[in-house]
1. Answer yes or no as to whether SER78 is within 12 Å of THR24 (Cα to Cα), touching a residue at least 12 places away in the same chain (Cβ under 8 Å), of a type in the set (Ser, Thr, Tyr) and in a helix (DSSP H, G or I).
2. Of all residues in region 122-149, which are of a type in the set (S, T, N, Q) and modelled with pLDDT of 90 or more?
3. Out of all the residues in region 55-63, is one or more part of a helix (DSSP H, G or I) and either not hydroxyl-bearing (Ser, Thr, Tyr) or not assigned by TED's automatic domain parsing to the domain that holds LEU123 (or both)?
4. Pairs, please: C-beta under 8 Å, at least 6 apart or cross-chain, first residue under 17 Å from ASN80 (Cα atoms) and in region 108-129, second small (Gly, Ala, Ser) and modelled with pLDDT of 80 or more?
5. Restricting attention to region 104-156, and to residues there that are of a type in the set (S, T, N, Q) and within 30 Å of ALA66 (Cα to Cα), which single residue is surrounded by the most Cβ atoms within 10 Å (Cβ to Cβ)?
6. How do the pairs read when you match residues in region 154-181 that are within 30 Å of GLU107 (Cβ to Cβ) with residues anywhere that are polar (S, T, N, Q) and modelled with pLDDT under 85, using Cβ under 8 Å and keeping only pairs 6 or more apart or on different chains?
7. Examine region 96-103 for a residue that is in the same structural domain as MET25 (by TED's automatic domain parsing), exposed (fewer than 13 other Cβ atoms within 10 Å of the Cβ) and assigned to a helix (DSSP H, G or I), and state whether such a residue exists.
8. What about TYR92, is it modelled with pLDDT under 95, surrounded by 15 or more Cβ atoms within 10 Å (Cβ to Cβ), of a type outside the set (Lys, Arg) and within 30 Å of ALA122 (Cβ to Cβ)?
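The values are calculated or read from the model by the stated rules, or taken from the named source; none is laboratory data. Every value quoted in this text rests on a predicted model; they were computed, and no experiment measured them. Glycine gets a Cβ as well: all are built from the backbone with ideal geometry, and neighbour counts include every protein chain shown.
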Amino acid sequence: MLNETNPQLHAADPKDFKKIYDATMQLLFKISYRVVNDEEAAEDLVHDSLIKMNEKELVFPSLDDAKYWLIRVVKNASLNYAKRKTRERKAYEKVLREDKREVVSGEIELLKKETQEKTKEALNKLPEKLRIILILREYAEMNYKEIGRILGITEGNVKVRVFRAREQLAKIIGEDDVYMS
């Protein structure tokens with residue numbers, strides 16, 4: 001219970017759970033969605049993480065501690081989900097040998113979709129530790145200090161990784177552009 005002498009948040013307490021939920025739900029959804037690219041899956045992953053926190057009856061010294069714990073859990077659950085979906089998709093494509101021809105209609109919509117797909121593909125080509133840094137920085141709009149705290153690295157290391165991730169992303173997108181028709 002939250003009061004002046006004991007600012008701890010008890011995840012099993014309905015009032016504290018609601019406070020944590022209200023403060024973190026949107027951010028957690030953004031992070032998960034950027035990793036899994038599926039609204040329904042992202043929502044499920046976030047809710048599963050909140051339920052896990054509640055069932056374990058965790059106690060947090062502050063709202064920030066609860067937020068950082070949840071971000072770690074959601075990030076890991078989302079990465080695992082995305083890996084599993086990628087493996088499933090590759091197996092499915094291998095079995096069905098999908099037709100890869102593009103339909104040439106609605107040129108602007110097609111170009112928009114291709115650009116979004118190329119960006120997603122480029123982001124997915126980055127090593128996991130650089131990809132998650134960019135997701136937290138660009139999509140979750142977190143600052144370097146928060147990212148460092150979540151990942152357990154220094155703020156300086158976060159800055160270096162963000163720089164390297166952007167640099168590699170630019171190279172990947174640049175290489176892809178060479179082959180675009």
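1. Values: within 12 Å of THR24 (Cα to Cα): no; touching a residue at least 12 places away in the same chain (Cβ under 8 Å): yes; of a type in the set (Ser, Thr, Tyr): yes; in a helix (DSSP H, G or I): yes.
When the stated conditions are applied, SER78 does not pass them.
2. Initial filter on region 122-149 (of a type in the set (S, T, N, Q)): 124, 143.
Across region 122-149, the qualifying residue is only ASN143.
3. yes
4. Taking only residues 6 or more apart or on different chains, the pairs are LEU126/ALA165.
5. Looking only at region 104-156, we keep the residues that are of a type in the set (S, T, N, Q), and these are 105, 115-116, 119, 124, 143, 154.
Those left that are additionally within 30 Å of ALA66 (Cα to Cα): 124, 143, 154.
Details: ASN124: 14, ASN143: 12, THR154: 12.
Per the stated criteria, the residue is ASN124.
6. Within 8 Å, the pairs are ILE173/THR119.
7. Taking every residue of region 96-103 in turn, at least one turns out to be in the same structural domain as MET25 (by TED's automatic domain parsing), exposed (fewer than 13 other Cβ atoms within 10 Å of the Cβ) and assigned to a helix (DSSP H, G or I).
8. Here the answer is no, as TYR92 does not meet what is asked.
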